[in-house]
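Enquirer: First, the structure itself, so that you have it in front of you.
Readers should treat all values here as calculations from the given coordinates under stated rules, not as data from a laboratory. Everything numeric in this text was worked out from a predicted model, so none of it was measured. Quick reminder, even Gly has a Cβ in these numbers, built from the backbone with ideal geometry, and neighbours come from all protein chains shown.
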Amino acid sequence: MTPRASGRDGVLIASRLFLPEVSAGAFRLGALARGLAAAGADVTVVTTTPPAHAPATPDPEGVRVSRWPVLRDRGGNVRGYVQYASFDGPLLPRVLARRWSIAVAESPPTTALVVRLAAWLRRRPYAYFAADVWTDGVLSMGAPRPVVALMRRMEGAVLRGAACVLSVSDEVTQRLVALGAEPARVVTVGNGIDTTVFHPGVAPAAPGEEYFVYTGTMSEWQRPEVFVRAFALIADEHPALRLRFFGQGAVEPALRALAAELGLDRVEFGGVVSPAQSAAWIRGAVAALVSIVPGIGYDFARPTKTFAAAACGTPVLFAGAEVGGSLVRDAGLGEAVGFTPEEIADAMRRLLAARASGETEARRADRAAWVRETASLDAVGARAAAAVLSAR
C-alpha cells in the first residue's frame, strides 16, 4: 500500500480561512496545501464555507477540502470572539474524525489550542503557521490587560507545544521566540504573492485612467484614512485623479464617512474583488497604497500588498512603520514615507510625475523580477511544506 493510501503521510490543515476567500491568509495556506500535495502528501483542509462574495474557483488539485458553516460579521469576515468560537467549537470532532500524521493550525491561537488538544489525544505532532503575533495585535487594539495576558498565555502554549512553527519574516520569528517558541523549531519561510496572477502582463482594468489604489483589508492597524486625507491635499491639483479602494474591513465605514465629510466624490469603493481583478486594478494604478500604523505593535509587518503591487511592476507608496518602509526603499519598489497626510501627498506628487515622465513604466520589469526571485508564493509554499513534513 502506498503512503498516500495508508494515511502515513496525511497532513491536515485547520483554518477558518482558505481558498477561494480573498485574503493573504487564504492564499498562503493554499500555497502550503499545493506544496504538500506536490511533495506526495495526502492533504485535507478543514475550514469554513466561503462567503457569498468569494470568487468561484476550484479547490487546489490533490487537496480535499471539508467546509462547515460559520458565523461571519457584516462584511463576511470570520473576525471576533463569537465568530472564532463558531469555528473552533465544532473543530475538535472534525479533526479527530480524520486520519493524519501531522496537523497544521492557523491563527487565531484558539484554533491552534483545539488542534493541540487533538494532537495530544492522537499522540501526533502539530505545526503552527504564524503570519503575525496575536498578542501584539490585541495589545495594539487597546484590549484590556486581562485579555492581553490571556492571549499571551494561549499563544505561548501553542508555540511551546508545536513541533514546527512557520514564520513569515525574521521580525515575526524574533517575537515568536520571545513568546516561548523554541528557536530550533521556528522556520522562517517568508511571505509572497502568486506571480501567475500578479504580473506585468495583466491588462489594466481602466486604461488611461489616473488613480491610486488600495486593495485588501482595511483595519485598525493599517488606518488607510491617512490616504484619504492625503488625497484631499492634492485633489484640486489633479482634477481627473481618483482614489480607489477594493476590499473590506472594520474601518471601511469610517473611510466612506471621511470621504463624504471632505467632499471627495473621486474616492471610490469597489468592494471585494477576485485576485485577477485586483491585479488588473493594481497594474493600471499610479501606485498601490500600503500602510502600517507605527508604534502600535505591528511594526514588524511586511504586508502582502507590497508584493502584489511590485509583482505587477506597479510602484508601492508605503506609509508608516520602518520595517515595511525599509523593504520598499531597499528593493527600489517605490516610495516609503512617514504616517502623515502631508508626507503621503508629497509622495503622491512624485509618483504622478514619475508616471508622466515614463520612469514608472521603465522600471516596471525590474520590480516584477525582484518579486519573482525573492517572493514567489509557490516558493513560500514549498518551503513551508518541507518544514511541516520534516516535523512528522
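Enquirer: Skipping prolines and chain starts, which residues have an amide H placed within reach, meaning under 5 Å, of the one on residue 335, given they are 5 or more residues away or on another chain?
Expert: Result for residue 335 returns 316, 317, 318.
Enquirer: Nearest 500 deg cm²/dmol is fine: what mean residue ellipticity at 222 nm does the chain get from its DSSP H runs of n ≥ 4 alone, each adding -39,500 (n - 2.57), divided by its residue count?
Expert: -13000 deg cm²/dmol
Enquirer: For residue 184 and residue 262, what does the FRET efficiency come to when R0 = 41 Å and r is the distance between their Cβ atoms, rounded to the nearest 0.05?
Expert: The pair residue 184/residue 262 has a calculated efficiency of 0.20.
Enquirer: For segment 152-197, just the Cα atoms, rotate onto the principal axes and tell me the three extents in Å, largest first.
Expert: Rounded to whole Å, the extents work out to 39, 18, 16 Å.
Enquirer: Give the peptides 300-309, 326-335 in descending order of average Cβ contacts within 10 Å, highest first.
Expert: Values: 300-309: 26.1, 326-335: 18.2.
Result, highest mean Cβ count within 10 Å first: 300-309, 326-335.
Enquirer: Counting only residues 5 or more places away or on other chains, whose amide H sits under 5 Å from the amide H of residue 46 once H atoms are built in the peptide plane?
Expert: HN-HN under 5 Å from residue 46: 13, 14, 15, 66.
Enquirer: Could you give me the ³J(HN,Hα) list for segment 163-172, computed from phi with Karplus coefficients 6.51, -1.76, 1.60 and θ = phi - 60°, whole Hz, x at Gly and Pro?
Expert: Listing the rounded values in order: 6, 8, 10, 9, 10, 9, 6, 4, 5, 5 Hz.
Enquirer: Normalise the Cα radius of gyration of segment 324-392 by 2.2 N^0.38 Å (N = residues in it) and let me know the number.
Expert: On the way: Rg = 17.1 Å, N = 69, 2.2 N^0.38 = 11.0 Å.
Ratio of Cα Rg to 2.2 N^0.38 Å: 1.56.
Enquirer: Count charges around residue 353 for me, please; just the other residues with Cβ under 15 Å from its Cβ, Lys/Arg as +1, Asp/Glu as -1.
Expert: -2
Enquirer: Right, another one. Quick one: what are the phi-derived ³J(HN,Hα) couplings along segment 32-38, Karplus 6.51/-1.76/1.60 with θ = phi - 60°, whole Hz, x for glycine and proline?
Expert: 4, 4, 5, x, 5, 5, 5
Enquirer: Let me ask something additional. What is the dipole size for the chain, taken about its Cα centre, with +1 at each Lys and Arg Cβ and -1 at each Asp and Glu Cβ, in debye to the nearest 20?
Expert: 1840 debye
Enquirer: Over 19 Å, how big is the tail of the calculated P(r) for segment 211-374, in percent of all Cα pairs?
Expert: Of the Cα pairs, 50 percent sit more than 19 Å apart.
Enquirer: Compare the peptides 343-352, 204-213, 97-106 by average per-residue count of other Cβ atoms within 10 angstrom and give them in order, highest first.
Expert: Highest-to-lowest ranking by the protection proxy: 97-106, 343-352, 204-213.
Enquirer: Dipole of the chain (Lys/Arg Cβ +1, Asp/Glu Cβ -1, origin at the Cα centre): which of 319, 347, 149 lies farthest to the positive side?
Expert: About the Cα centre, the residue reaching furthest to the positive side is 149.
Enquirer: OK, next. How large is ³J(HN,Hα), in whole Hz, for each residue of segment 346-360 in order, when computed from phi with the Karplus curve 6.51 cos²θ - 1.76 cosθ + 1.60 and θ = phi - 60°, using x for Gly and Pro?
Expert: Per-residue couplings from phi come out as 4, 5, 4, 4, 5, 5, 5, 5, 5, 5, 5, 7, x, 5, 4 Hz.
Enquirer: If I take all pairs of Cα atoms in segment 173-291, what percentage of them are more than 20 Å from each other?
Expert: Working: 3608 of 7021 pairs.
It works out to 51 percent of all Cα pairs.
Enquirer: Arrange the peptides 164-175, 312-323 so that the one whose residues have, on average, the most other Cβ atoms within 10 Å appears first.
Expert: Values: 164-175: 21.2, 312-323: 26.0.
Those peptides, ordered most packed to least, come out 312-323, 164-175.
Enquirer: Could you state the angle between the C-alpha long axis of helix 364-374 and the longest principal axis of the C-alpha atoms of the chain, as a value from 0 to 90 degrees rounded to the nearest 10?
Expert: Once rounded, the angle reads 20 degrees.
Enquirer: Between the alpha-carbon centers of segment 182-202 and segment 280-344, tell me the distance in whole angstrom.
Expert: 17 Å
Enquirer: Need the C-alpha centroid separation for segment 347-379 versus segment 71-114, integer Å.
Expert: Measuring centre to centre over Cα atoms gives 38 Å.
Enquirer: Starting from one equal scatterer on each C-alpha and no solvent at all, send me the Debye-based log10 I(q)/I(0) for the chain at q = 0.06 Å⁻¹, two decimals.
Expert: -0.23
Enquirer: Which residues' amide hydrogens lie under 5 Å from the amide hydrogen of residue 249, considering only partners 5 or more residues apart or on another chain, with H built in the peptide plane?
Expert: 218
Enquirer: Next question. Which one, 51, 100, 308, is farthest towards the positive end of the dipole of the chain when Lys and Arg carry +1 and Asp and Glu -1 on their Cβ?
Expert: 100
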